[in-house]
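Visitor: So that we are looking at the same thing, I have put the structure below in structure tokens.
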Amino acid sequence: MRKRAAHIAVYSIIITIFLSLGLLAIRPVGVHAQIPTGSVPTVTGTPSGVMATVKAGLGEDTINVRSGPHALYYPKIGVLMVGQSIPALGRSTGSDWILISYPGVPGGQGWVFSKYVDLSPGDLPVVQPPASPTPEVTQTINPTLAAQFIVTVAPTRLPTFTQAPPLTIPTYETSGGGQALTGIPMGLVILILLSVGILMGIFSFIQRR
């Protein structure tokens with residue numbers, strides 16, 4: 001038993017020595033990679049389609065992005081900076097508003113006023129506007145407050161037309177001043193008196209001589 005154990009120990013030592021020598025003989029092989037001498041082409045992405053760029057010189061640093069093509073009927077959903085470019089998707093019927101891609105909002109789209117942006121060459125389809133949102137609060141008028149401004153005017157009776165009484169035109173009878181009471185014409189009476197006067201004058205002249 002002792003001899004067998006001694007043999008096993010000797011064999012183990014020998015195997016260990018050979019394994020050690022084998023590991024020392026193995027050398028690491030270096031990887032020699034060739035460095036490219038030419039320039040490596042890079043792929044640069046270019047935007048496709050019509051692009052809308054915010055104009056400079058508007059007097060503001062930003063322009064409003066709305067949910068629809070109208071400043072009163074649709075709320076503001078965001079802004080664009082001056083010089084910022086964004087894909088244009090369509091236009092309104094009169095080309096007054098431009099539909100743009102605007103991530104981060106419901107639907108990922110918004111509308112900007114066409115006079116605030118420059119468009120790159122290309123055609124934009126006409127897009128129907130979305131339905132205008134219903135106002136959350138319906139404005140009501142206080143009837144008590146409104147009653148203070150209501151002026152009730154008392155009705156006045158309009159004048160009625162009363163027909164004037166008919167005019168009574170007086171009639172005058174023709175006077176008989178041109179005739180004497182006895183029916184003798186006034187001209188004959190004057191002629192008689194004149195003749196009498198002439199005769200009396202002649203008679204007086206004769207008496208004086």
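Visitor: Out of curiosity, is Pro159 modelled with pLDDT under 70, surrounded by fewer than 10 Cβ atoms within 10 Å (Cβ to Cβ) and over 25 Å from Arg66 (Cβ atoms)?
Guide: Values: modelled with pLDDT under 70: yes; surrounded by fewer than 10 Cβ atoms within 10 Å (Cβ to Cβ): yes; over 25 Å from Arg66 (Cβ atoms): yes.
The answer is yes for Pro159.
Visitor: With the condition kept exactly as written, say whether any residue in the range 126-148 is touching a strand residue (DSSP E or B) at 6+ places or on another chain (Cβ under 8 Å), among the aliphatic types (A, V, I, L, M) and modelled with pLDDT of 80 or more.
Guide: yes
Visitor: Let me ask another. Restricting attention to the range 103-114, which residues are over 14 Å from Leu89 (Cβ atoms) and in contact (Cβ under 8 Å) with a residue 24 or more places away in the chain? Spell out how you get there, then give the answer.
Guide: Start the filter on the range 103-114 by keeping residues that are over 14 Å from Leu89 (Cβ atoms), which leaves 104, 106, 113.
Within the range 103-114, Gly104, Phe113 qualify.
Visitor: Would you mind stating whether Gly104 is out of contact with any Phe, Trp or Tyr (no Cβ under 9 Å at 6 or more places or on another chain), modelled with pLDDT of 85 or more and not in a helix (DSSP H, G or I)? Lay out the reasoning, then the answer.
Guide: On the way: out of contact with any Phe, Trp or Tyr (no Cβ under 9 Å at 6 or more places or on another chain): yes; modelled with pLDDT of 85 or more: yes; not in a helix (DSSP H, G or I): yes.
Here the answer is yes, as Gly104 does meet what is asked.
Visitor: Only residues in the range 53-72 that are surrounded by 11 or more Cβ atoms within 10 Å (Cβ to Cβ) count as the first member; pair them with residues that are of a type in the set (Ser, Thr, Tyr) and part of a loop (DSSP other than H, G, I, E, B), Cβ under 6 angstrom, at least 6 apart or cross-chain, and list the lot.
Guide: Filtered contacts from the range 53-72: Val65/Tyr102; Arg66/Tyr74; Ser67/Tyr74; Gly68/Tyr74; Pro69/Ser92.
Visitor: Right, next: Within the range 109-136, how many residues turn out to be surrounded by 11 or more Cβ atoms within 10 Å (Cβ to Cβ), within 16 Å of Ile77 (Cβ to Cβ) and among the small types (Gly, Ala, Ser)?
Guide: The number of residues fulfilling the criteria is 2.
The values are calculated or read from the model by the stated rules, or taken from the named source; none is laboratory data. Just so we're clear, the structure is a prediction, and the values are computed from it rather than from any experiment. Positions of Cβ are backbone-derived with ideal geometry, glycine not excepted, and every protein chain shown enters the neighbour counts.
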